[in-house]
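Read the figures in this text as sums done on the coordinates, not as results from a lab. Quantities reported herein were computed from a predicted structural model and do not represent experimental measurements. Quick reminder, even Gly has a Cβ in these numbers, built from the backbone with ideal geometry, and neighbours come from all protein chains shown.
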Amino acid sequence: MLSNEAGATTKKQTRLKYRQSATSFVIILIGLSLLLILSLAFSVCTGIAGGNIRILADTIMHPAAASDIGKIMIDMRMPRALAACLTGAAFALAGAVMQGLTRNPLADAGLLGINAGAGFFVALSAVLLPSASSIVTILSAFAGAAFAVILVYGFGAGKRKTESFRLILAGAAISALLTAMSQAVSLAFGIAKALSFWSAGSLSGITWQNLKLIVPFIVIAGIVGLSLSGRLSALALGEDSAIGLGINVRSVRLIGILTVLLLAGASVSLVGGISFLGLIVPHIARFLVGGDYRRIMPVSALLGGVVLVLADVAARTVNAPFDTPVGALVSMIGVPVFFALTYRKEARAL
């Protein structure tokens, strides 16, 4: 009996050591990078109009002689696939940063009221500027996300430091308030149906122009977020330990919250509310590479991109030629995975 338990413990330690080794980390990064490239190619080649990798290659090599299907692949599917890749990575990174900042495994960008703030400002822009372009809607959503983060941080900041528990309470309260206000505006002015598809998350109608507007925010915030990964690992040990290691906890939290604003705010303004992605992907990354945020964050970014690209392919094909809200599909995928991870953790605790 004791020998069996000792053998199981040894195997567990061996698996843990391999999971945390540099070799396994590099293998996972390479594997996810290849999977992301294949997912993007699959997304661009999939649609009711047809298409394949040969047409895609010919169109990229000879754009002037592109066929009708080639133009559809480049002008319509390519920006949509890239948007799914970038926003999926951004949502996952934002969730990882929030979990590191709050030391709460159930945290994601929605904790800061980003989705609720963006939805409220989109509702206002639809009422005040009904004929405005999609770019105005994107900018309004981003402004709403920033407004919500300012409110949450203002109410959640202590006199000397920002406490995780106060941020969580402030985020829940502000989210509830802004969600109620956006629903009131949409019902009062009869725009609830127009906003429902956006609030459920959709990549429909994304153009190169919209994508170029958002890319700089996501790229800059992604670089800043990855640079915070070492300090987030120190913060995971506890505030006192982080302070003992020379970490300025308040500045890390402030920079982290601004990073989450840029990542999730830009993504929500482009594709709508897809909040579950930032919750589940960091858990999967933690399962793959351990608890070091220097490994969790790049793996989360790649994995988030893969998940949203494939979910968008499913959203376009499951009820073709109509689009299914991709946020609903992500939740259908994420909820069972989340329950499985939770059950696994409880079983280990027992």
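Some values worked out for this structure:
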| read-out | value |
| --- | --- |
| Estimated D of the chain in µm² per second, where Rh is the Kirkwood radius over Cα pairs and Stokes-Einstein applies at 20 °C, 1.002 mPa s | 101 µm²/s |
| Dipole of region 87-207, positive direction: furthest Cα of ALA184, VAL127, SER204, with charges on the beta-carbon | ALA184 |
| Mean projection area, nm², convex hull over Cα of region 247-299 | 4.3 nm² |
| Cα-centred dipole magnitude for the chain, charges only on beta-carbon of K, R (+1) and D, E (-1), debye, nearest 20 | 880 debye |
| Helical segments meeting 27 Å axial Cα length and Kyte-Doolittle 0.0 threshold in the chain (DSSP H) | 22-45, 78-102, 134-156, 164-188, 208-227, 249-271, 293-317, 326-349 |
| Chymotrypsin sites (Phe, Trp or Tyr not before Pro) restricted to region 242-338 and DSSP loop, no more than 12 other C-beta within 10 Å | PHE322 |
| Modelled FRET efficiency - R0 25 Å, GLN209 with ASN319, Cβ distances, 0.05 increments | 0.35 |
| Footprinting exposure proxy for ASP323, ASP240, ASP75, ASP312 (fewest neighbouring C-beta atoms within 10 Å first) | ASP240, ASP75, ASP323, ASP312 |
| Segment LEU38-ALA188, extension gain: residue separation times 0.36 nm, minus the distance between their alpha carbons | 49.4 nm |
| Taking region 209-299 and dividing mean pair separation by its residue count, relative contact order in percent (alpha carbons under 8 Å, at least six apart) | 38 percent |
